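Take a look at the structure set out below.
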Amino acid sequence: MIQTLFKLLLASFFITALTACESEEDDLLFQAENCINEKSGTGQIGQCSEFLSSLDSPRANTLKCKITLETSGLDNQKITSALDTMDNSTDAEKEAHFMGLVSLNSLAEADEAAAVCTNTESPGLEFIADSARMGTVLVDQIARVGNVSESNPLTTGDLTTMLSNCDSDPTCEEAIGASAQSMYGIYCEDASITDVEVCADVNAAISGGGTDAQIGEALIALLEL
């Protein structure tokens with residue numbers, strides 16, 4: 001199920017390119033995109049937010065999401081590494097490696113990314129933000145937030161421990177439930193539930209009803225099977 005989840009993310013990730021137009025908003029968007037292209041990977045991409053502070057369009061929110069993810073520890077290089085990992089058929093622990101690579105620097109930043117990355121023009125980015133929140137919440141269960149990299153990856157044993165620990169932590173279960181429902185809303189509402197494994201599992205958890213924590217608990221039980 002986890003492998004299927006990340007295959008959806010691999011297939012969906014994209015950022016829509018922007019072009020300059022004559023309106024003030026489009027000019028700001030163009031400046032923001034140029035800033036992102038220049039500052040990405042330098043540790044200074046947060047400076048690009050100044051062009052977007054007064055904007056709330058899907059195009060602006062897409063760029064805000066990109067900035068927020070990178071300032072929270074998930075830059076293009078790390079995303080590429082994570083996606084390459086999931087595409088590596090020889091990596092027996094690729095789901096655990098992926099989960100660690102998409103986790104962010106802190107729980108607060110994971111919550112912020114999930115909140116910022118809404119109403120964008122890129123469902124792929126929204127899905128990444130929810131995946132990052134889920135990964136960060138789980139990594140926190142073994143006190144590894146901000147301490148996972150290609151040279152210091154998670155293992156399948158770590159993933160098993162994270163799920164087991166989360167299953168007894170209502171806060172973790174609540175975050176997993178909320179993220180899973182958001183993912184479901186992005187990709188599964190029009191999907192064939194019988195044909196898409198991840199959608200079937202999330203739908204099964206949601207169908208039981210209840211709070212986010214109860215939905216998270218049900219989903220974790222399915223992941224542990």
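Throughout, read-outs are computed from the coordinates displayed, never taken from laboratory work. Please read these numbers as outputs of a predicted model, since none were measured by experiment. So basically every Cβ, Gly included, is an ideal-geometry build from the backbone, and we count neighbours across all protein chains shown.
Annotations for the structure displayed:
- Along each principal axis, Cα extent of the stretch 70-197, largest first, Å: 37, 34, 34
- Hull volume per residue, based on the alpha-carbon atoms of the stretch 2-223 and their convex hull, is 122 Å³.
- Over the stretch 72-139: Kirkwood hydrodynamic radius from C-alpha pairwise inverse distances, Å: 12.1
- Relative packing of 62-71, 128-137, which averages over residues the other C-beta atoms within 10 Å, highest first: 128-137, 62-71
- Its Cα gyration tensor gives the stretch 15-120 an equivalent ellipsoid. The semi-axes, each the square root of 5 times an eigenvalue, are 28, 14, 12 Å from largest down.
- Other residues whose C-beta falls under 13 angstrom from the C-beta of residue 105 contribute a net charge of -3, scoring Lys and Arg +1 and Asp and Glu -1.
- For residue 104, residues with placed amide H under 5 Å, excluding near neighbours: 136
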